[in-house]
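Participant: Take this structure first; my questions come after.
Every number here is computed from the coordinates shown, using simple stated rules; none is lab data. This structure is a prediction, so every number in the text was calculated from the model and none was measured. Counting neighbours? That spans all protein chains shown, and the Cβs are built from the backbone with ideal geometry, glycine included.
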Amino acid sequence: MVDTVGIIGAGQMGNGIAHVCAVAGMDVVLSDITMDQAAAGLSVIRKNMERQVGKGLLSAADMDAALAHITLADTLAAHKKCDLVIEAATENEKIKTSIFKELCPHLKPSAMVASNTSSISITRLAASTDRPERFMGVHFMNPVPIMKLVELIRGIATSDETFERFNIFTKRLKKETAVSEDFPAFIVNRILMPMINESIYTLYEGVGSVDCIDKAMRLGANHPMGPLQLADFIGLDTCLSIMQMLYEGLADTKYRPCPLLVKYVEAGWLGKKTGRGFYDYRVEGAPKPTR
Ligand SMILES: NC(=O)c1ccc[n+]([C@@H]2O[C@H](COP(=O)([O-])OP(=O)(O)OC[C@H]3O[C@@H](n4cnc5c(N)ncnc54)[C@H](O)[C@@H]3O)[C@@H](O)[C@H]2O)c1
């Protein structure tokens, strides 16, 4: 039974995972590089819970109880009492493997470890830990409190018992699961990300404007959100990392990241989280297309 969950990275995914674990009654240790970043994650959690209370999805008492379950930290040693630690740091293999190397010596021998990576090999990440049999990919969707799905990915060494324990854990969070083999970007992003990349090529080649591409896919394909808006929402750095992983991992030119995506990331225009991507969110009123 998982009583205490550690979450590394308090960004949009880490704070969402902390949110659902705390609402499910688990104790949560939420860490980031600095206390300020961890605190910023907690303030997003509070805002999102208040929104749920406003919609009648959560009672005010349950919100207070959930918030009381969350402790903040700026060290990996803070996860020493956790039964399970989920890494949700930046989508960069070097960052993730160095976190696992530093984290593992602090953990209980029985503790399980997981990564929320969108695209990196679970088997490779597991090999950077001292417990590949207790390691899994648990890929939550954004925004975590709203999206129903979690992809479960076993590495080559993941034990049946670990897989079963993660199934129980995700059920406690009231999530549905889809099992994916350990291939670059798993199922959702193997399909979604090439579509987003193609929408950026469509913009890059001048086939349509930001407005027209998003409107075309919303009204013409019945997508709830246009692909460029969705890319901004995911984070353009994350989108680029996933495309690079598909391109290199599958060695197929059809996954070549669009140069315009590279340019936006180089400019630091990473989407909603930095205030500007394919749309500018810093303006009054509706976000303004940047091209
Ligand atoms: N954005 C999405 O839609 C989405 C969906 C599913 C999965 N993911 C995956 O979740 C992970 C996090 O993505 P995100 O969108 O939350 O990114 P984000 O940029 O919002 O947050 C990343 C956080 O990790 C922290 N961090 C970086 N290095 C760290 C370290 N060494 N120790 C502790 N914290 C560190 C950063 O300070 C930041 O707060 C990535 O692996 C991404 O691929 C993202």
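Participant: Residue 117 passes all but one of (1) surrounded by 23 or more Cβ atoms within 10 Å (Cβ to Cβ); (2) within 16 Å of the ligand (Cβ to nearest atom); (3) assigned to a helix (DSSP H, G or I); which number fails?
Facilitator: (3)
Participant: Among the residues of the range 182-199, what is the count of those that are part of a helix (DSSP H, G or I) and charged (D, E, K, R)?
Facilitator: So the first thing to find is which residues in the range 182-199 are part of a helix (DSSP H, G or I), and the list is 188-199.
Cutting the leftovers down to charged (D, E, K, R) gives us 190, 198.
The total comes to 2.
Participant: Looking at 128, 118, 159, which is the one that is small (Gly, Ala, Ser) and over 23 Å from residue 249 (Cβ atoms)? Break it down stepwise before answering.
Facilitator: On the way: 128 fails: over 23 Å from residue 249 (Cβ atoms); 118 fails: over 23 Å from residue 249 (Cβ atoms).
Step by step, each of 128, 118, 159 is checked, and only 159 is small (Gly, Ala, Ser) and over 23 Å from residue 249 (Cβ atoms).
Participant: Sticking with this structure for a sec: Could you check the range 121-139 and list, in sequence order, the residues that are surrounded by fewer than 23 Cβ atoms within 10 Å (Cβ to Cβ), within 14 Å of the ligand (Cβ to nearest atom) and touching a residue at least 40 places away in the same chain (Cβ under 8 Å)?
Facilitator: 121
Participant: Which of the numbered conditions does residue 262 fail, given that it passes all the others? Conditions: (1) part of a helix (DSSP H, G or I); (2) farther than 17 Å from residue 194 by Cα.
Facilitator: (2)
Participant: Checking the conditions here, which among 103, 152 is surrounded by 19 or more Cβ atoms within 10 Å (Cβ to Cβ) and assigned to a strand (DSSP E or B)?
Facilitator: Working: 103 fails: assigned to a strand (DSSP E or B).
Residue meeting the stated conditions: 152.
Participant: Then there is this: Would you point out the residue of the range 266-286, among those that are over 14 Å from residue 233 (Cα atoms) and not acidic (Asp, Glu), that is nearest to the chain's Cα centre (by Cα)?
Facilitator: Once the filter is applied, the top-ranked residue is 268.
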